[in-house]
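Q: Quick one: the structure is below, questions incoming.
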Amino acid sequence: MPQIVNLAEVSDADIALVGGKAGKLGEMVRQGLPVPPGFVVTTDAFSAFVEATVLKAEIPGALETLDVDRPDSIDSVAKRIRDRFESTEFPPELRAEIEAAFAAYSREHNARFSAVRSSATAEDLEGASFAGLQETYLNVTGIDQILTSIRKCWGSLFTARVLVYRARKGFDHSSVKLAVVVQKMVDSVVSGILFTRDPNTGENHMIIEAGWGLGEAIVGGEVTPDHYVVDGATQRIVQKQLSEQAFRLVRDPAGGNLRQDIPERERSVQKLPDDQILRLASLARVIESHYRRPMDVEWCADAASLYIVQARPVTTIPGNPQTSTSAPPGNLTNPRTAPPAPRSEESGPDLIPLVKGFGASPGIAGGVARLLRKAAEMGKLQPGEILVTTMTTPDMVPAMARAAGIVTDEGGMTCHAAIVSRELGVPCVVGTRSATKVISEGTEITVDGRAGAVYPGLSHARKAAASTPIAHSGGGEHSSPVTATKIYVNVGVPEKAAEYARLPVQGVGLLRIEFIFTAHVREHPLSLIKRGKGPELVDRLAAGLATVCEAFAPRPVIIRTSDFKTNEYRGMPGGAEFEPSEENPMIGWRGCSRYISPVYRPAFLLELEAIHRIRTDKGLKNAHVMLPFVRNTWELEQIAEMFKEKGLRRSRDFQLYLMAEVPSTVLMAREFAKHCDGFSIGSNDLTQLVLGADRDSETLGRMGYFDERDPAVLRAIELLIEGAHEAGRTVGICGQGPSVYPEFAEFLVRQGIDSISLNGDTVVSTIRSIASLEQRMKLEGMRRPR
């Protein structure tokens with residue numbers, strides 16, 4: 001595996017090699033977005049560094065002593081590992097390779113200053129952004145500083161805050177690796193963060209925050225940025241909140257950053273002009289369209305251009321969009337100067353807010369206020385107390401995990417406190433400006449993370465608790481209404497299974513086995529077979545599959561067998577020997593056609609062997625199978641024989657589903673129904689093939705051709721549901737369309753879709769939307785004349 005790769009040559013398919021941040025940056029380069037150039041020091045370089053030095057023994061030795069419930073143990077282990085990383089020299093060959101890559105990059109891009117940025121394999125993923133936890137070094141100059149910064153980035157994989165966060169999110173410390181991105185540094189005049197959806201309410205609004213200078217001051221919450229809202233439907237600016245900024249971070253000509261006072265006349269002016277706000281929104285639409293889900297985007301601008309420097313999934317969009325507290329279109333007031341909430345005759349003085357700010361993480365929590373001035377004071381905070389501080393830092397994550405609620409003076413909806421509190425599920429209000437002055441140590445307060453208000457006393461929290469619904473659905477712990485439409489969750493990596501199993505879902509509607517290939521196998525299956533490693537492949541697949549099935553048992557888990565395209569498989573280690581080069585892999589050798597070919601058949605049989613093993617050896621009878629990219633019924637007849645060869649037979653306890661992606665499946669649904677127990681709509685491929693629009697075409701995507709809401713695609717879905725139901729088969733859909741487009745969800749429910757499988761962070765809000773729709777349909781039916 002390469003130890004250095006060009007940023008323009010990587011994509012999301014390379015996360016195991018280059019980490020989440022670099023994978024998404026490379027993906028955006030491929031979309032034609034303005035991303036600063038650079039290269040990646042890969043996870044294989046990280047592994048080579050560890051394996052060739054004392055760190056090979058030092059890391060596991062230190063982790064063996066780790067007790068995440070003891071702050072002194074966390075700090076001791078973190079310091080021990082980080083000190084060793086920073087004091088250990090590079091192996092000569094690796095150092096020479098990095099020096100050569102840096103020299104070539106500097107010449108080609110005239111890069112005097114660089115950003116050295118961590119990119120972990122468990123970073124920028126759904127449900128876990130690791131926001132601000134691993135280190136980044138800006139305005140680094142010269143090869144010696146570059147090498148030092150790379151080692152510091154690697155060491156930041158083991159800071160106290162990261163160790164706690166990984167444990168909280170269920171990631172194995174020993175399995176996570178770190179790549180490092182070296183990028184040309186933009187001399188930022190203005191920078192900020194953008195959410196393509198309101199992260200607090202899920203509304204179709206783009207939230208943009210902007211401040212003078214480098215974005216580190218915004219992400220770190222040191223300044224309160226301007227706050228702009230762009231309506232997602234009309235693309236109009238509907239809200240502006242201008243903040244006063246007294247200082248900015250700028251480039252030090254000698255390297256590093258300088259804190260610079262801002263002239264009085266510039267402090268309160270609008271940081272980003274309207275035309276650039278709309279240009280930024282346009283770039284963000286391309287990113288959201290590509291990923292087909294809400295995204296969190298970091299951006300910056302020099303004197304001439306806008307740049308995208310990071311994009312990751314919005315890790316939490318809780319709550320019901322119908323209950324938004326956002327200002328209406330056209331309201332350009334600052335909510336922090338708005339009058340207090342009206343008082344009813346029942347409300348006492350405790351329902352007048354002490355302070356107001358941005359509602360950064362929804363929920364209501366009451367407790368004793370604990371004022372922390374710096375991370376060193378974390379030990380003062382007891383579980384269930386309210387953390388009140390000027391602004392959280394990544395070092396405060398252990399305390400944030402203990403807090404019942406969080407309140408800060410500074411920051412906006414995209415600062416560290418906001419992002420991490422949403423992921424931890426802790427109610428949070430940021431940007432109050434005066435919480436540390438107004439709120440007294442030890443007093444009882446209530447944090448309302450949706451309204452962005454902090455109240456004295458606990459009666460507001462008690463009232464909220466008394467009115468909280470407790471209806472549950474499925475096997476999860478989250479409260480939610482019951483729906484006639486079954487709701488499933490998509491699982492990407494086994495490490496997220498335990499967390500997602502707590503959601504109110506009926507099971508897993510899509511477990512892509514190829515994600516286990518990329519994260520746990522990392523080699524072309526035919527290459528493994530050639531090297532006599534077939535049994536090892538089965539072991540790794542079975543272990544990953546069992547992790548998910550055990551977490552969800554007895555709820556069903558639908559395992560979709562591998563659907564790599566030739567260009568994706570060819571890029572895997574050992575893949576070039578077995579994969580042809582195809583002009584259009586999207587409609588090439590993939591799915592079922594791959595399984596029945598003599599070349600690939602042995603590899604597919606090993607997938608089936610892994611599934612059979614977890615069903616028999618582990619008794620996980622909740623494991624079922626779904627086949628992708630089915631073109632003909634005769635393919636299914638051959639695959640059925642392969643199933644029998646591995647001891648798998650369709651029955652009440654073992655069901656087979658087909659992805660409905662190729663129009664032949666739709667047009668011949670009644671015939672295909674004879675070979676399966678149900679269908680799952682693959683809206684991306686179905687849209688591609690119904691409209692003749694290559695889903696990988698940047699040009700067609702920007703022109704708006706690729707849209708699952710097209711009438712022709714909707715008609716195809718209608719035909720499939722009609723034909724499947726006539727044959728007594730179920731129809732589901734797995735994807736973000738129903739949560740991103742409410743009108744699409746309504747169409748599916750009205751057509752009688754049986755189930756919808758969603759990404760984990762949209763489950764609760766989409767259940768509420770669907771329950772509301774089903775209730776509305778019921779009322780409509782009652783009103784119709786008989």
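The values are calculated or read from the model by the stated rules, or taken from the named source; none is laboratory data. Quick caveat, the model's predicted, so the values are computed rather than measured. Ideal geometry is used to build each Cβ from the backbone, glycine not excepted, and the neighbour counts take in all protein chains shown. The accessibility values were calculated without ligands, DNA or RNA, using every heavy atom of the protein model including side chains. Shrake-Rupley method; radii C 1.70, N 1.55, O 1.52, S 1.80 Å.
Q: Among the numbered criteria (1) under 21 Å from the mean Cα position of the chain (by Cα); (2) closer than 23 Å to residue 617 by Cβ, which one does residue 521 miss?
A: If we test residue 521 against (1) under 21 Å from the mean Cα position of the chain (by Cα); (2) closer than 23 Å to residue 617 by Cβ, just (1) comes out false.
Q: Do you know which residues across region 723-750 are farther than 22 Å from residue 778 by Cβ and of a type in the set (D, E, K, R)?
A: 726, 729
Q: Has region 359-369 got at least one residue that is open to solvent by less than 60 Å² (accessible area, probe 1.4 Å), modelled with pLDDT under 85 and not in a strand (DSSP E or B)?
A: Within region 359-369 (the criterion being open to solvent by less than 60 Å² (accessible area, probe 1.4 Å), modelled with pLDDT under 85 and not in a strand (DSSP E or B)), the answer is yes, since at least one residue qualifies.
Q: Looking at region 481-503, I want the residues that are without any contact (Cβ under 8 Å) to a residue 40 or more places away in the chain and have a partner that is surrounded by fewer than 22 Cβ atoms within 10 Å (Cβ to Cβ) and among the small types (Gly, Ala, Ser) with Cβ atoms under 7 Å, at least 6 apart or on another chain. Which pairs are those?
A: That search, which allows pairs on different chains as well, returns 502/476.
Q: Residue 206 versus (1) modelled with pLDDT under 85; (2) in contact with a Gly (Cβ under 7 Å, 6 or more places away or on another chain): which is the lone unmet condition?
A: In the conditions (1) modelled with pLDDT under 85; (2) in contact with a Gly (Cβ under 7 Å, 6 or more places away or on another chain), residue 206 misses (1) alone.
Q: Looking for whichever is small (Gly, Ala, Ser) and in contact with a helix residue (DSSP H, G or I) (Cβ under 8 Å, 6 or more places away or on another chain) here; the options are 202, 213. Which one fits? First the steps, then the outcome.
A: Values: 213 fails: in contact with a helix residue (DSSP H, G or I) (Cβ under 8 Å, 6 or more places away or on another chain).
When all the criteria are applied, what remains is 202.
Q: Just checking, does region 244-267 include any residue being under 29 Å from the mean Cα position of the chain (by Cα), of a type in the set (A, V, I, L, M), in a strand (DSSP E or B) and farther than 18 Å from residue 303 by Cα? Spell out the reasoning first.
A: Kept after step one, since they are under 29 Å from the mean Cα position of the chain (by Cα), are these residues of region 244-267: 249.
Next, from what is left, pick out any that are of a type in the set (A, V, I, L, M): 249.
Then keep just the ones that are in a strand (DSSP E or B); that gives 249.
If we keep only those that are farther than 18 Å from residue 303 by Cα too, we end up with none.
No, that holds for no residue.
Q: Just to verify a result, which residue in region 458-502, among those that are over 26 Å from residue 623 (Cβ atoms), part of a loop (DSSP other than H, G, I, E, B) and modelled with pLDDT under 65, is least open to solvent (accessible area, probe 1.4 Å)?
A: Result: 479.
Q: Right, something else. Every residue in region 705-723 that is modelled with pLDDT of 85 or more, among the hydrophobic types (A, V, I, L, M, F, W, C), within 30 Å of residue 205 (Cβ to Cβ) and open to solvent by 30 Å² or more (accessible area, probe 1.4 Å), please.
A: 712, 714
Q: If residue 447 satisfies every condition in (1) in a helix (DSSP H, G or I); (2) more than 26 Å from residue 210 (Cβ to Cβ) but one, which is the exception?
A: (1)
Q: While we're here: Residue by residue through region 507-529, note down the ones that are outside any helix (DSSP H, G or I) and buried (at least 19 other Cβ atoms within 10 Å of the Cβ).
A: So in region 507-529, the residues outside any helix (DSSP H, G or I) come out as 507-512, 522-524.
Scanning region 507-529 gives 507, 508, 509, 510, 511, 512, 524.
Q: Can you pull out the residues in region 614-634 that are open to solvent by 40 Å² or more (accessible area, probe 1.4 Å), modelled with pLDDT of 95 or more and more than 17 Å from residue 563 (Cβ to Cβ)?
A: Of region 614-634, the ones open to solvent by 40 Å² or more (accessible area, probe 1.4 Å) are 616-619, 621, 631-634.
Retained after the next criterion (residues that are modelled with pLDDT of 95 or more): 631-634.
Within region 614-634, 633, 634 qualify.
Q: Moving to a separate point now. Please determine whether any residue of region 564-577 is open to solvent by less than 10 Å² (accessible area, probe 1.4 Å), without any contact (Cβ under 8 Å) to a residue 60 or more places away in the chain and in a loop (DSSP other than H, G, I, E, B).
A: As a first pass, look at region 564-577 and keep what is open to solvent by less than 10 Å² (accessible area, probe 1.4 Å): 566, 569, 575.
Adding the requirement that they be without any contact (Cβ under 8 Å) to a residue 60 or more places away in the chain leaves 566, 569, 575.
Going one step further and asking which of them are in a loop (DSSP other than H, G, I, E, B), we end up with 575.
Yes, because at least one residue in region 564-577 is open to solvent by less than 10 Å² (accessible area, probe 1.4 Å), without any contact (Cβ under 8 Å) to a residue 60 or more places away in the chain and in a loop (DSSP other than H, G, I, E, B).
Q: Turning to a different aspect of this structure: With the condition kept exactly as written, say whether any residue in region 100-109 is over 30 Å from the mean Cα position of the chain (by Cα), among the aromatic types (Phe, Trp, Tyr) and open to solvent by 20 Å² or more (accessible area, probe 1.4 Å).
A: Yes - at least one qualifying residue is present in region 100-109.
Q: Restricting region 647-673 to residues that are among the aromatic types (Phe, Trp, Tyr) and open to solvent by less than 20 Å² (accessible area, probe 1.4 Å), which is nearest to residue 694 (Cα to Cα)? Talk me through it step by step, then tell me what you get.
A: Taking region 647-673 as the starting set, the residues that turn out to be among the aromatic types (Phe, Trp, Tyr) are 654, 657, 672.
Restricting the remaining residues to those that are open to solvent by less than 20 Å² (accessible area, probe 1.4 Å) gives 654, 672.
Details: 654: 35, 672: 25 Å.
So the residue we want is 672.
Q: Counting only residues that are surrounded by fewer than 18 Cβ atoms within 10 Å (Cβ to Cβ) and free of Cβ contacts under 8 Å to residues at least 24 places away in the same chain, how many does region 578-588 have?
A: 5
Q: Okay, moving on. Being closer than 12 Å to residue 365 by Cβ and modelled with pLDDT under 85 is the filter here; which residues of region 425-457 pass it? Full working, then the answer.
A: Start the filter on region 425-457 by keeping residues that are closer than 12 Å to residue 365 by Cβ, which leaves 425-429, 444-450, 454-455.
If the condition is that a residue be closer than 12 Å to residue 365 by Cβ and modelled with pLDDT under 85, then 425, 450 are the ones that fit.
Q: Then there's this: For the list (1) of a type outside the set (Asp, Glu); (2) part of a loop (DSSP other than H, G, I, E, B); (3) closer than 30 Å to residue 692 by Cβ; (4) touching a residue at least 24 places away in the same chain (Cβ under 8 Å), I need the number of the one condition that residue 558 fails.
A: Looking at each condition in turn, residue 558 falls short on (2).
Q: Ok, one more. So which residues in region 748-758 are open to solvent by 20 Å² or more (accessible area, probe 1.4 Å) and either in a helix (DSSP H, G or I) or in contact (Cβ under 8 Å) with a residue 40 or more places away in the chain (or both)?
A: Filtering region 748-758 for residues open to solvent by 20 Å² or more (accessible area, probe 1.4 Å) gives 750-752, 754-755.
Of everything in region 748-758, those that are open to solvent by 20 Å² or more (accessible area, probe 1.4 Å) and either in a helix (DSSP H, G or I) or in contact (Cβ under 8 Å) with a residue 40 or more places away in the chain (or both) turn out to be 750, 751, 754, 755.
Q: Just checking, does region 589-596 include any residue being in contact with a Cys (Cβ under 8 Å, 6 or more places away or on another chain), buried (at least 16 other Cβ atoms within 10 Å of the Cβ), in contact (Cβ under 8 Å) with a residue 24 or more places away in the chain and under 23 Å from residue 540 (Cα atoms)?
A: So the first thing to find is which residues in region 589-596 are in contact with a Cys (Cβ under 8 Å, 6 or more places away or on another chain), and the list is none.
The answer is no, given that none of the residues of region 589-596 is in contact with a Cys (Cβ under 8 Å, 6 or more places away or on another chain), buried (at least 16 other Cβ atoms within 10 Å of the Cβ), in contact (Cβ under 8 Å) with a residue 24 or more places away in the chain and under 23 Å from residue 540 (Cα atoms).
Q: Go through 250, 238, 286, 229 for me and flag whichever is crowded, with 21+ Cβ neighbours inside 10 Å and either modelled with pLDDT of 90 or more or among the hydrophobic types (A, V, I, L, M, F, W, C) (or both). Can you show your working first?
A: Values: 250 fails: crowded, with 21+ Cβ neighbours inside 10 Å; 238 fails: crowded, with 21+ Cβ neighbours inside 10 Å; 286 fails: crowded, with 21+ Cβ neighbours inside 10 Å.
Result: 229 is the single residue among 250, 238, 286, 229 that is crowded, with 21+ Cβ neighbours inside 10 Å and either modelled with pLDDT of 90 or more or among the hydrophobic types (A, V, I, L, M, F, W, C) (or both).
Q: Pick out the one residue from 68, 5 that is within 29 Å of residue 565 (Cα to Cα) and of a type in the set (A, V, I, L, M).
A: Details: 68 fails: within 29 Å of residue 565 (Cα to Cα).
Exactly one of 68, 5 is within 29 Å of residue 565 (Cα to Cα) and of a type in the set (A, V, I, L, M), namely 5.
Q: Now a separate question. When you check residue 373 against the structure, is it within 27 Å of the chain's Cα centre (by Cα), at negative phi, basic (Lys, Arg) and open to solvent by 30 Å² or more (accessible area, probe 1.4 Å), yes or no? Step through it out loud before you land on a result.
A: Values: within 27 Å of the chain's Cα centre (by Cα): no; at negative phi: yes; basic (Lys, Arg): yes; open to solvent by 30 Å² or more (accessible area, probe 1.4 Å): yes.
Considered against the rule, which asks whether it is within 27 Å of the chain's Cα centre (by Cα), at negative phi, basic (Lys, Arg) and open to solvent by 30 Å² or more (accessible area, probe 1.4 Å), residue 373 comes out as no.
Q: Just one of (1) among the acidic types (Asp, Glu); (2) open to solvent by 60 Å² or more (accessible area, probe 1.4 Å); (3) free of Cβ contacts under 8 Å to residues at least 24 places away in the same chain trips up residue 726, so point out which.
A: (3)
Q: Further, regarding this structure: With the requirement that a residue be open to solvent by less than 50 Å² (accessible area, probe 1.4 Å) and not in a strand (DSSP E or B), what does region 110-121 give you? Reasoning before the result, please.
A: Taking region 110-121 as the starting set, the residues that turn out to be open to solvent by less than 50 Å² (accessible area, probe 1.4 Å) are 111, 113-121.
Once the filter is applied, which keeps residues that are open to solvent by less than 50 Å² (accessible area, probe 1.4 Å) and not in a strand (DSSP E or B), region 110-121 yields 111, 113, 121.
Q: Taking residue 586, is it modelled with pLDDT under 95 and not in a loop (DSSP other than H, G, I, E, B)?
A: Details: modelled with pLDDT under 95: yes; not in a loop (DSSP other than H, G, I, E, B): yes.
Judged against the criteria, residue 586 is a match.
Q: Across region 304-320, what is the total count of residues that are among the aliphatic types (A, V, I, L, M) and at pLDDT below 90? Step through it out loud before you land on a result.
A: Residues of region 304-320 among the aliphatic types (A, V, I, L, M): 304, 306, 308-309, 311, 314, 317.
If we keep only those that are at pLDDT below 90 as well, we get 304, 314, 317.
Selection size over region 304-320: 3.
Q: Then there's this: Could you tell me which of the residues 702, 650 is at pLDDT below 95, in contact with a Leu (Cβ under 6 Å, 6 or more places away or on another chain) and not aliphatic (A, V, I, L, M)?
A: Working: 702 fails: in contact with a Leu (Cβ under 6 Å, 6 or more places away or on another chain).
Matching residue, one of 702, 650: 650.
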